[in-house]
Amino acid sequence: MTSPNIPESHASAILTIDLAAVRENYNILKRAVNGVECAAVVKANGYGLGADKIGPTLVKAGCTKFFVAHLEEGIKLRNYVGDAEIHILGGLLPGASDAYRDHQLIPVIGSLREFAIWSSYTKYSNLPCDIHVDTGMLRLGLPPDELRQIADNPELLAGLNISNVLSHLASADELESSQTGKQLKAYKEARDILPMGNACLANSSGIFFGTPYHFDMVRQGVALYGANPILDSKNPMQPTINLKARIIQTREAHVGDTVGYGAGHKVTGHSKIATVAVGYADGYLRSLSSNAFGYIGEHRIPLVGRVSMDLITFDVTQVPVNLCTVGAWVELIGPNHSVDDLAKEGGTIGYEVLTSLGSRFHRIYINE
């Protein structure tokens with residue numbers, strides 16, 4: 001979970017992460033919920049940005065509750081967030097109950113089987129847990145038949161110290177989705193059966209559906225890291241990252257020449273091609289082949305040919321020669337080209353771009 005790094009002088013690409021922007025995004029979301037408690041989701045190594053940096057940054061901003069996906073993520077995060085609560089969304093792993101206790105981790109329990117294990121384990125210790133209710137995603141959480149069993153047999157929860165009752169919205173990034181309202185109704189019905197602890201439904205996107213979705217606590221995720229939580233709307237969040245990579249070679253190209261694997265791009269006129277030292281091994285997705293753009297200063301340059309493991313190629317024919325020499329920088333994510341722009345070009349979402357950011361970049365953290 002520590003942030004990988006290599007010396008700047010050895011780096012062909014530099015990823016700059018603005019921790020002040022992360023703090024500001026936390027505060028933007030906190031203001032949006034008007035005093036409701038704001039937990040932070042820092043799974044997948046802080047969405048690729050380094051949980052060892054993101055965790056303390058959010059603690060300084062006032063965050064006292066964190067969510068991760070896996071047990072091992074929680075164990076490592078404990079080193080960075082002091083006594084803050086850490087909740088494990090993946091639930092209770094068989095045979096690992098001691099680890100939750102030893103590292104003060106709270107399992108998010110989503111089945112009667114897990115309830116039985118945790119109830120037996122915590123019989124004399126009163127260790128907390130959360131309940132996850134499935135309201136329509138069919139992934140994790142209590143399914144409707146097990147929820148009905150609890151309604152008929154409330155003693156199934158006897159002795160459990162329940163902190164939060166959670167669910168997760170499936171389509172909250174789509175403001176016109178009818179599924180979100182259906183999930184809200186299902187969650188309220190579940191709360192009639194499970195009234196204990198705090199209520200928590202909204203993720204980053206759900207926050208923007210307004211007060212009915214906020215309940216006692218919200219879980220901020222991708223919006224903290226600058227990606228747009230609402231599709232096809234102006235992004236209310238601050239950008240948090242800048243990714244630039246060096247040009248390592250330029251080539252003159254002529255009619256009939258081809259670029260990259262599989263002759264993925266055919267040159268139709270005299271051109272200049274710049275090779276840049278980033279590829280799919282760095283999280284620059286292969287689906288961006290012949291679809292993406294970069295920037296040299298204010299000059300927008302198209303990616304031509306396939307993304308390979310270590311290299312990508314741009315057509316820099318229209319860029320002044322003095323700006324695209326060997327060693328010059330190409331902006332891949334930054335002021336001219338957001339993480340969501342790149343995601344759209346790759347046919348994916350900002351989540352995947354962020355969490356794919358590679359270990360071969362030199363990382364710079366600013367505004368700590």
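The values are calculated or read from the model by the stated rules, or taken from the named source; none is laboratory data. This is a predicted model, so every value here is computed, not measured. Reconstructed Cβ throughout: ideal geometry from the backbone, glycine too, with neighbour counts over all protein chains shown.
Of the strands (runs of 3 or more DSSP E) that lie entirely inside segment 44-157, not one contains 2 or more residues that are modelled with pLDDT under 95, more than 24 Å from the chain's Cα centre (by Cα) and under 20 Å from Met196 (Cα atoms). For segment 265-299, a residue qualifies if it is in contact with a helix residue (DSSP H, G or I) (Cβ under 8 Å, 6 or more places away or on another chain) and among the hydrophobic types (A, V, I, L, M, F, W, C), and the qualifying residues are Leu285, Leu288, Ala292, Phe293, Ile296. Regarding Ser171, is this residue of a type in the set (Ser, Thr, Tyr), crowded, with 22+ Cβ neighbours inside 10 Å and out of contact with any strand residue (DSSP E or B) (no Cβ under 7 Å at 6 or more places or on another chain)? Answer is no for this residue. Just one of (1) within 16 Å of Tyr351 (Cα to Cα); (2) buried (at least 21 other Cβ atoms within 10 Å of the Cβ) fails for Ile247. It is (1). In segment 25-44, is there at least one residue being within 23 Å of Ile364 (Cβ to Cβ), in contact with a helix residue (DSSP H, G or I) (Cβ under 9 Å, 6 or more places away or on another chain) and among the aromatic types (Phe, Trp, Tyr)? Yes, some residue in segment 25-44 is within 23 Å of Ile364 (Cβ to Cβ), in contact with a helix residue (DSSP H, G or I) (Cβ under 9 Å, 6 or more places away or on another chain) and among the aromatic types (Phe, Trp, Tyr). In a residue-by-residue description of segment 27-43, the property of being in contact with a His (Cβ under 9 Å, 6 or more places away or on another chain), part of a helix (DSSP H, G or I) and under 17 Å from Thr355 (Cα atoms) applies to at least one position.
For segment 8-44, which residues satisfy the criterion of being of a type in the set (S, T, N, Q) and either closer than 30 Å to Ile248 by Cα or in contact (Cβ under 8 Å) with a residue 60 or more places away in the chain (or both)? Give the derivation first.
Our first condition is that a residue be of a type in the set (S, T, N, Q); within segment 8-44, this holds for 9, 12, 16, 25, 27, 34.
Matches in segment 8-44: Ser9, Ser12, Thr16, Asn25, Asn34.
Here Val330 clears all of (1) under 25 Å from Asn228 (Cα atoms); (2) assigned by TED's automatic domain parsing to the domain that holds Ser287; (3) surrounded by fewer than 22 Cβ atoms within 10 Å (Cβ to Cβ); (4) among the β-branched types (Val, Ile, Thr) except the condition numbered (3). Just one residue in the set Phe293, Phe314 is in contact with a Ser or Thr (Cβ under 9 Å, 6 or more places away or on another chain) and of a type in the set (Phe, Trp, Tyr); that residue is Phe314. Residue-level check: of (1) closer than 22 Å to Glu368 by Cα; (2) buried (at least 19 other Cβ atoms within 10 Å of the Cβ); (3) charged (D, E, K, R), Glu73 misses just (1). Considering segment 1-26, and only residues there that are more than 17 Å from the chain's Cα centre (by Cα) and in a helix (DSSP H, G or I), the residue that is nearest to Phe209 (Cα to Cα) turns out to be Ala20.
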